[in-house]
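See structure below.
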Amino acid sequence: MPNDSTFVRQTQTKTPPLETDPRGKSVLIANHDFREGGMIRNSLEACGYDVSVWTDAVDARERLRLRSYDVVVVSTNLDKTMDGILEDLRPKKVPPKVILIADEDEGDAASRCFLRTVVVVNRPFKIGEVADIVEHLIGPA
């Protein structure tokens, strides 16, 4: 029995919510043009996505080996190294969605990629279009 000098605390019956992944849905951008990649990154980060941008295709390929991404945005101005990035995605059990940024004269860009979900965006394009496509592919962040 508590006496007058004892303070009894009531215990809370609520359990704290489970922690979710703070990074959320992730996007990797491999684009040789740092300005274009940076503008896409800013647009996607404003929507709440976790974005990683690489201007060097070798670094982007290494990052793909270390971590899985929901969407990979690849620019065809990476030339043959773009094919290497796409080759790394093929053997994955659940490959990420791919957005190819191509010049107008590169109509065969999608034919080089044999992945399930590929969206081709031709230059010139509005930066917000990429964010809309990402949201359509994987949902809001």
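The values are calculated or read from the model by the stated rules, or taken from the named source; none is laboratory data. The model shown is predicted, which means the values in this text are computed figures rather than measured ones. FYI the Cβ positions are ideal-geometry reconstructions off the backbone, even for glycines, and counts take in every protein chain you see. For the accessible areas, the whole protein counts, side chains as well, though only heavy atoms, and no ligand, DNA or RNA atoms are used. Shrake-Rupley method; radii C 1.70, N 1.55, O 1.52, S 1.80 Å.
Taking the stretch 27-45, which residues are of a type outside the set (S, T, N, Q) and in contact (Cβ under 8 Å) with a residue 24 or more places away in the chain?
VAL27, LEU28, ILE29, ALA30, HIS32, ASP33, GLU36, GLY37, MET39, ILE40, LEU44
Table: residues versus (1) touching a Cys at 6+ places or on another chain (Cβ under 7 Å); (2) modelled with pLDDT of 95 or more; (3) open to solvent by less than 100 Å² (accessible area, probe 1.4 Å).
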site	(1), (2), (3)
SER5	no, no, no
GLY37	no, no, yes
ARG41	no, yes, yes
ASP56	no, no, yes
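Are any of the residues in the stretch 72-90 open to solvent by 80 Å² or more (accessible area, probe 1.4 Å), under 22 Å from ALA141 (Cα atoms) and modelled with pLDDT under 90?
no
Every residue in the stretch 115-141 that is assigned to a loop (DSSP other than H, G, I, E, B) and among the small types (Gly, Ala, Ser), please.
GLY139, ALA141
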